[in-house]
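Beneath this line is the structure, given in structure tokens, with notes to follow.
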Amino acid sequence: MYKVSEIKELIRALDRSNLSEVTVKGEGKEQITLKKNSGVQLVDAAEPVTATAPEAQSAAKTVPAAPPVKEETPVKEEASAPKDAAKEDVEHILSPMVGTFYSSPSPDSKPYVEVGAEVKEGEVVCIVEAMKLMNELEAEMNGKIVDILVENGELVEYGQPLFALQSK
């Protein structure tokens, strides 16, 4: 089974390339096929494929979580956004992988964060489940959550904004 860090590196390599799809099978591992804008799929194939591309050989590198992207709040969203978000630039906390978004550690627990919550760098804000692994996503800066952009249990894509954060 591939490690999450290996899958992240493969996704980034595919994203940087001009390929739309790549199939990889590491030694003693299941074969996976990655498609741009389609997520990760496990595929059973008649013949195993050995990864020979430089991107696949570097899959064992550790990959940091995707950094927040600085964006200005669009004018058409200002009416529905909280007043604080309309005043200043908003950072987005992005999903570092394809998976399922969970706002709390278990179904009967309180969410990690809610709109209006102050978060500190390194504080867990949610979980993204990928291939049965629960990955805690941490805030990469101090700030205030001004919007939660996805619903609990929703499927999320690599790079998809999950939270709008007003930096401090």
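The values are calculated or read from the model by the stated rules, or taken from the named source; none is laboratory data. Here the structure is a predicted model, which is why all the values come from computation and not from measurement. Please note: Cβ atoms are built from the backbone with ideal geometry, for glycine as well, and neighbour counts cover all protein chains shown.
Considering only the range 148-167, state which residues are out of contact with any helix residue (DSSP H, G or I) (no Cβ under 7 Å at 6 or more places or on another chain) and closer than 13 Å to Asp89 by Cα.
If the condition is that a residue be out of contact with any helix residue (DSSP H, G or I) (no Cβ under 7 Å at 6 or more places or on another chain) and closer than 13 Å to Asp89 by Cα, then Leu165, Ser167 are the ones that fit.
With the requirement that a residue be without any contact (Cβ under 8 Å) to a residue 40 or more places away in the chain, farther than 20 Å from Leu14 by Cβ and not polar (S, T, N, Q), what does the range 125-148 give you? Give the steps one after another, and end with the answer.
Initial filter on the range 125-148 (without any contact (Cβ under 8 Å) to a residue 40 or more places away in the chain): 125-129, 132, 134, 136, 142, 145.
If we keep only those that are farther than 20 Å from Leu14 by Cβ too, we end up with 125-127, 129, 132, 134, 136, 142, 145.
Within the range 125-148, Val125, Cys126, Ile127, Glu129, Lys132, Met134, Glu136, Ile145 meet the criteria.
As an exercise: evaluate Val40 against (1) assigned to a strand (DSSP E or B); (2) outside the structural domain of Glu123 (by TED's automatic domain parsing); (3) at pLDDT 75 or above; (4) among the hydrophobic types (A, V, I, L, M, F, W, C) and give the number of the one condition it does not meet.
Just one mismatch for Val40, condition (3).
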